[in-house]
């Protein structure tokens with residue numbers, strides 16, 4: 001306890017005693033022979049007294065990157081004359097050892113050191129090399145003496161293995177502690193002070209210790225280097241305490257490298273035997289797909305057909321190994337009416353309920369659903385999923401059924417408002433049957449889609465269709481992809497359960513959806529809802545989606561509804577990896593709306609200043625990286641077609 005006089009003296013000298021009281025170790029502070037004991041832990045200091053003869057690049061990283069430590073590096077000038085004097089003294093010692101050493105090995109080592117030091121002296125005198133004094137202390141902290149001793153021993157052994165020599169000075173723990181807040185000049189005034197180590201500025205420059213930002217996922221693909229020169233080796237399917245989802249979203253202006261980044265990720269996954277699906281437009285992916293001997297499917301009807309009335313497996317039981325027939329059918333029914341709503345966006349939800357009953361009756365008449373199929377005792381008899389494509393009815397059959405249903409008293413039983421909605425529904429079904437019959441009216445004819453490792457749907461060929469038809473076909477293709485993802489996931493789960501494969505042999509599933517704003521938009525909230533539902537399920541089936549677009553404003557245009565904004569935010573949240581490649585400053589507000597506090601204000605501003613090939617990556621929480629992609633020349637040739 002300080003006396004009143006001591007307090008006044010310290011205050012006169014400018015000390016802020018209240019501040020010191022708040023930051024000092026609570027519970028006291030007691031130096032011992034080799035450590036300091038405080039109320040909140042035990043502290044010790046390791047002092048570096050010799051560095052490796054041939055330091056590796058970034059050599060300070062070994063001293064500054066250790067757990068539960070703080071490292072202080074003091075660098076002070078050294079006059080050229082003094083440096084040369086010290087070198088001359090050392091040269092005399094090595095010359096003597098080279099001739100009078102006890103063993104031949106000692107003499108050889110001394111001779112080698114003499115030649116090395118002689119070259120160094122020449123560089124100082126003639127080559128412009130500048131020498132500095134470097135003093136390095138590593139401060140360790142632990143809760144208990146036992147933990148400190150363990151950390152202390154482990155660190156010393158680790159540093160010794162790398163030719164760093166460190167020591168804890170006996171009787172000087174307080175001096176070492178005070179050195180933390182002292183300049184090198186102040187330290188040299190202390191009793192028994194040791195001079196720093198003589199190190200050339202070339203070695204100091206190569207010591208750069210902040211090469212700590214890197215990512216090395218065990219089965220990852222090299223994408224590039226971080227802004228501190230560390231490798232960025234990324235596996236979208238690697239699970240950590242933060243990275244829980246397998247899905248990603250990429251945002252970037254044209255020409256900033258978005259396509260190249262997508263293809264780098266895709267190529268790495270292809271090499272791991274991943275099942276890959278995606279949308280191809282403008283020929284961006286054709287060269288890559290061709291190199292991988294993949295397949296491109298034409299959705300315009302020329303290359304085959306996808307029957308809208310064929311239910312697909314989209315839901316399994318809790319084990320993930322058995323198809324849930326009932327809920328997969330209900331999902332199919334919802335999907336079918338979502339397709340209809342693409343063509344008639346004004347269709348009311350209440351009408352969907354009524355028309356759903358008619359669709360049920362159609363499948364019952366065709367013998368694909370049992371009567372009263374929702375009754376618990378009948379659910380076990382549902383077997384509508386996974387049949388031969390020829391067993392499913394086509395749109396012309398449903399069109400005929402619907403017209404007969406309406407003409408058999410329906411119009412007499414409903415209000416004029418409901419009849420108007422039914423007429424709109426009839427118009428859409430008739431259009432799908434006749435005007436666009438080459439696309440919708442027929443049995444699924446695509447063969448062996450599940451057998452392809454790489455399969456992309458060509459959406460360029462349907463670009464001339466009406467917007468409603470275009471989006472409807474995209475949505476149909478997406479559902480094919482979800483179905484394949486689920487089937488692949490089921491196969492992997494069953495194989496794992498039967499010990500047929502190891503965890504490292506699991507075949508993952510990746511879906512690349514470039515220009516995702518084509519299907520995720522405010523006028524298709526029901527699609528976004530379904531995408532959110534699938535994203536929540538995808539990890540369970542070892543699957544991930546990669547959404548890409550040019551700007552967040554493409555997904556969040558002005559005056560979007562609160563419901564839509566909420567669902568798009570869920571898409572962002574369910575994509576644990578987020579990649580940003582040069583965004584215009586004008587979209588900063590939209591970014592904040594979508595991302596919230598995920599990035600700092602400075603990071604939001606930096607997004608507008610990035611150059612081509614630079615990528616800012618968030619892998620969840622504050623797990624941020626800035627990298628520059630690093631494709632080689634051969635990859636750029638294979639990736640030709642996008643930017």
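A viscosity of 0.692 mPa s and a temperature of 37 °C, combined with the Kirkwood radius over C-alpha pairs in the Stokes-Einstein formula, give the chain a diffusion coefficient of 108 µm²/s. Relative to the longest principal axis of the Cα atoms of the chain, the long axis of helix 395-405 lies at roughly 50 degrees. Contact order normalised by length for segment 30-205, with contacts defined as Cα pairs under 8 Å and 6 or more residues apart; what percent is it? Averaging sequence separation for qualifying contacts and normalising by length gives 40 percent for segment 30-205. One Cα centroid belongs to segment 579-643, the other to segment 488-507; the line between them spans 35 Å. Give me D for segment 171-298 in µm² s⁻¹, whole number, from Stokes-Einstein with Rh from the Kirkwood sum over alpha-carbon pairs, 20 °C and 1.002 mPa s. Translational diffusion coefficient: 108 µm²/s. Rounded, prolate or oblate for segment 561-643? Axes are the square roots of the Cα gyration tensor eigenvalues, ordered a ≥ b ≥ c, and the cut-off for rounded is a/c under 1.5. Cα axes put segment 561-643 in the prolate bin.
By the helix-only formula, in which each DSSP H run with n ≥ 4 contributes -39500 (n - 2.57) and the sum is divided by residues, the chain has a 222 nm mean residue ellipticity of -12500 deg cm²/dmol.
Peptide packing: for 481-487, 37-43, the average count of neighbouring Cβ atoms within 10 Å per residue gives the ranking 481-487, 37-43, highest mean first.
Once the Cβ-Cβ distance of residue 95 and residue 601 is raised to the sixth power relative to R0 = 51 Å, the FRET efficiency obtained is 0.25. With all projection directions averaged, the alpha carbon convex hull of segment 341-465 covers 10.3 nm². Each Cα pair under 8 Å and six or more residues apart adds its separation to the average, and for segment 1-106 the resulting relative contact order is 9 percent.
What order do you get for 199-210, 465-476 when each peptide is scored by the mean count of other beta carbon atoms within 10 Å, highest first?
Going from most to least packed, we get 465-476, 199-210.
Relative to the longest principal axis of the Cα atoms of the chain, helix 80-100 runs at roughly 80 degrees.
Pull up the DSSP beta bridges for the chain and report the antiparallel fraction as a percent, rounded to 5.
On the way: 44 of 73 bridges.
That works out to approximately 60 percent antiparallel.
FRET efficiency for the pair residue 11 and residue 186, taken as 1/(1 + (r/R0)^6) with r the Cβ-Cβ distance and R0 = 22 Å, rounds to 0.50. For the chain, the longest principal axis of the Cα atoms and the long axis of helix 145-161 meet at an angle of about 80 degrees.
Computed on the chain, with alpha-carbon pairs under 8 angstrom and 6+ residues apart, the relative contact order is 18 percent.
Computed from the coordinates by the stated procedures, all read-outs in this text should not be read as laboratory data. Note that the structure is a prediction, hence the values are computed from the model and not measured. As a convention, Cβ positions derive from the backbone with ideal geometry for all residues, glycine included, and neighbour counts pool all protein chains shown.
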